[in-house]
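Here's the structure, in structure tokens; my notes come after.
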Amino acid sequence: MNNKVSVPFMLLGILFNVCLIAANLLETKVIQVFRLSVTAGLMVFPISYIINDCIAEVYGFKKARLIIWTGFAMNFFVVLLGQLAVALPAASFWEGEEHFNFVFGLAPRIVLASLLAFLVGSFLNAYVMSKMKIASQGKNFSARAIWSTVVGETADSFIFFPLAFGWIIPWRELMIMMALQIVLNTIYEIFILPVTIRVVNYIKKVEDDDVYDTDISYNILKIKDI
């Protein structure tokens with residue numbers, strides 16, 4: 001596999017970043033799903049894990065590492081711009097200041113929790129996909145996609161909720177929210193799995209490649225090694 005960036009890889013990377021940024025913004029609204037209260041970010045956030053699965057499966061861990069760090073950088077950039085916009089004085093005729101600040105004026109602990117949970121969850125997802133692919137010799141993609149999501153989502157939830165809402169929301173409620181997040185995102189993954197399989201097979205055919213991560217470094221800081 002060479003170091004050139006193909007069109008499918010570029011499009012997956014763009015979609016990955018858009019989903020992450022959209023999820024962060026949508027997290028500010030709580031919606032009702034079958035009498036369960038969840039954030040609107042649940043609509044789009046699982047898609048980032050599905051894209052992560054596709055990239056790790058087709059292009060390998062090194063390319064997934066690049067995309068994950070890109071997503072982190074873009075998220076940080078949008079949060080930074082949002083904080084700057086909140087800090088700037090509003091025009092005298094502007095009436096939407098309170099609502100704007102509600103969406104973009106995230107508390108520092110929530111920003112930290114979100115970014116850290118994203119990094120750990122995404123890298124664990126890609127790592128599990130990579131290792132299971134080698135162990136299974138490329139078979140059982142469905143099982144790999146599901147289990148990598150379970151591991152990634154579990155890590156994400158166990159980091160984000162305690163850091164963001166610990167000692168604010170009762171711990172019993174936090175545990176319910178964490179479990180709900182893991183279960184719903186996994187169900188989402190299973191439900192959309194037929195589409196994921198078709199996308200992965202199509203990309204493999206277009207790229208004429210199927211990477212196995214043998215003899216690579218899983219050091220997440222080796223961004224230049226693509």
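The values are calculated or read from the model by the stated rules, or taken from the named source; none is laboratory data. Keep in mind the model is a prediction, meaning the values are calculated, not measured. Methodologically, a virtual Cβ is constructed for each residue, glycine included, from the backbone with ideal geometry; neighbour enumeration extends over all protein chains shown. SASA here: full protein model, heavy atoms, side chains in, ligands and nucleic acids out. Shrake-Rupley method; radii C 1.70, N 1.55, O 1.52, S 1.80 Å.
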Pairs where the first residue, in region 33-53, is within 18 Å of residue 114 (Cα to Cα) and the second is basic (Lys, Arg) and open to solvent by 10 Å² or more (accessible area, probe 1.4 Å), C-beta under 8 Å, 6+ apart: 39/29; 40/29
Any chance residue 93 is among the aromatic types (Phe, Trp, Tyr), part of a loop (DSSP other than H, G, I, E, B) and either touching a residue at least 24 places away in the same chain (Cβ under 8 Å) or open to solvent by 30 Å² or more (accessible area, probe 1.4 Å) (or both): yes
Which numbered condition residue 66 fails, given (1) farther than 21 Å from residue 146 by Cβ; (2) without any contact (Cβ under 8 Å) to a residue 60 or more places away in the chain; (3) among the hydrophobic types (A, V, I, L, M, F, W, C): (2)
Filter result for residue 81 (touching a residue at least 24 places away in the same chain (Cβ under 8 Å) and of a type in the set (A, V, I, L, M)): no
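Results for (1) within 27 Å of residue 37 (Cβ to Cβ); (2) open to solvent by less than 60 Å² (accessible area, probe 1.4 Å); (3) in contact with a Pro (Cβ under 9 Å, 6 or more places away or on another chain), shown as yes or no for each residue.
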site: 108; (1), (2), (3): yes, no, no
site: 114; (1), (2), (3): yes, yes, no
site: 131; (1), (2), (3): no, no, no
site: 139; (1), (2), (3): no, no, no
site: 156; (1), (2), (3): yes, yes, no
site: 169; (1), (2), (3): yes, yes, no
site: 179; (1), (2), (3): yes, yes, no
site: 184; (1), (2), (3): yes, yes, yes
site: 224; (1), (2), (3): no, no, no
